[in-house]
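The values are calculated or read from the model by the stated rules, or taken from the named source; none is laboratory data. This one's a predicted model, so the numbers in the text were calculated from it and none came from an experiment. All Cβ positions, even for glycine, are placed from backbone atoms using ideal geometry, and neighbour counts span all protein chains on display.
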Amino acid sequence: MIRFIIRRLLVTVILAFVVVTVVFLLLRLIPGDPAVAALGENATEDQLAVARQRMGLNDNIVVQYANWWGKIARFDMGDSLIDGRPVGDEIVRRLPRTFELIIAAALLALVVGLPAGLFAATRRNKLGDGIVTGFALVSLSAPLFVTGSLFVLLFGVLLKWLPTGYADPSENMGKHLLSLIMPVAALSLLLSASLIRQTRANMLEVLGQDYVRTARSKGLAQPVILRRHVLKNGLIPVAASFGIQLAALLGGTVVTEAIFNWPGISSLLVTAISRRDYTTIQGLILVIALIVLIINFLTELVYAYLNPRIRYQ
């Protein structure tokens, strides 16, 4: 197991390095001038020259790359090219807001998806199965920007039950928790539907295995069969795919934060891209890549624990 962990850690570090390097190079290939984006179209050539010197844009790409990694080694992501604020401080301020969306959405998806999938599997081709699978199909068919917009229109504008945007927890924790409901529900909907379908399919496959039929023939009750023989084996593939989908939730937060005016790192990334703020984009991509790779690494550990055979492959 130790060798397995070390191998996966090395792969994670290499992938993080490759992802950040590719993003660094691609940003330099995009047309446009960050100095113009920072100072505006009316800036003079002298002002633009001073800005390019300050931003380090006059150095060749190798020097820029080396300087950036030198700062990262000192835990310094540099300053924003647009407003001069430290990128690391801005990320640290916004990261908890994105984390609370992802964690709450993942927990809600688990609470809804796993029991509903198991319920549908044990009632195959019955009314309950049809209702649950129908809900999953409709949820998977609706894009996130559609469900999020409908939530805002219905529960925020028409019924006025919930706030339509972010509420600062330092000012009013109760209102902040209320403001979490709609973005978390919208973000978890696709993940819940996917979990329902995967759990149902895997449970049906396990329920058809010989050892389950043998357990039934011995007179074991259905709850005992589900607990001892079906759940662990049926949830192994679900655990593996859930980690991948959890990492994909970061992509969903881009739309969610835009719809609900949520001050997370995804909205910061969209703003930085539109303003060609190289240092902010690089810092955000590094953080997002590390988060995704850590989630995938932990998923592989859980999968290896549930399925020991892959440790020796």
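Any idea which residue in region 139-175 is nearest to Leu189 (Cα to Cα), counting only those that are aromatic (Phe, Trp, Tyr) and surrounded by 16 or more Cβ atoms within 10 Å (Cβ to Cβ)? Give the steps one after another, and end with the answer.
Just the residues of region 139-175 that are aromatic (Phe, Trp, Tyr), to begin with: 145, 151, 155, 161, 166.
Keeping just the survivors that are surrounded by 16 or more Cβ atoms within 10 Å (Cβ to Cβ) gives 151, 155, 166.
On the way: Phe151: 12, Phe155: 16, Tyr166: 20 Å.
The extreme case among them is Phe151.
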Looking at region 274-296, I want the residues that are within 20 Å of Ile5 (Cβ to Cβ) and have a partner that is among the hydroxyl-bearing types (Ser, Thr, Tyr) with Cβ atoms under 6 Å, at least 6 apart or on another chain. Which pairs are those? Leu293/Thr12
Selection status of Asn202, touching a Pro at 6+ places or on another chain (Cβ under 7 Å), over 29 Å from Gly78 (Cβ atoms) and in a helix (DSSP H, G or I): yes
Hey, does region 85-97 have a residue that's crowded, with 16+ Cβ neighbours inside 10 Å, farther than 30 Å from Gln53 by Cα and out of contact with any Phe, Trp or Tyr (no Cβ under 7 Å at 6 or more places or on another chain)? yes
Right, Leu118: in the same structural domain as Ser179 (by TED's automatic domain parsing), assigned to a helix (DSSP H, G or I) and touching a residue at least 60 places away in the same chain (Cβ under 8 Å) or not? yes
Test of understanding: among Val22, Val62, which residue is over 29 Å from Gly251 (Cα atoms), in a helix (DSSP H, G or I) and at pLDDT 80 or above? Val62
Taking the criterion of being modelled with pLDDT under 85 and over 28 Å from Leu25 (Cα atoms), would at least one residue in region 281-299 satisfy it? yes
Which one of the conditions (1) crowded, with 20+ Cβ neighbours inside 10 Å; (2) over 26 Å from Leu25 (Cβ atoms); (3) touching a Gly at 6+ places or on another chain (Cβ under 9 Å); (4) not aromatic (Phe, Trp, Tyr) does Thr122 fail to meet, given that it meets all the rest? (1)
Filter region 42-59 down to the residues that are at pLDDT 80 or above and part of a loop (DSSP other than H, G, I, E, B) and list them by number. Thr44
Residue under evaluation Gly117, criteria (1) at pLDDT below 90; (2) farther than 17 Å from Ser194 by Cβ; (3) of a type outside the set (S, T, N, Q), criterion not met: (2)
Find all pairs meeting these conditions: Cβ atoms under 6 angstrom apart; at least six residues apart or on different chains; first residue within region 227-249 and farther than 22 Å from Leu189 by Cα; second residue among the acidic types (Asp, Glu). none
Output the number of residues of region 139-174 satisfying the condition of being of a type in the set (A, V, I, L, M), in a helix (DSSP H, G or I) and in contact (Cβ under 8 Å) with a residue 12 or more places away in the chain. 3
Failed condition for Gly84, given (1) touching a helix residue (DSSP H, G or I) at 6+ places or on another chain (Cβ under 7 Å); (2) closer than 26 Å to Ile291 by Cα; (3) not in a helix (DSSP H, G or I), with all others met? (1)
Condition broken by Ala73, with the remaining ones in (1) aliphatic (A, V, I, L, M); (2) exposed (fewer than 11 other Cβ atoms within 10 Å of the Cβ); (3) touching a helix residue (DSSP H, G or I) at 6+ places or on another chain (Cβ under 7 Å) satisfied: (3)
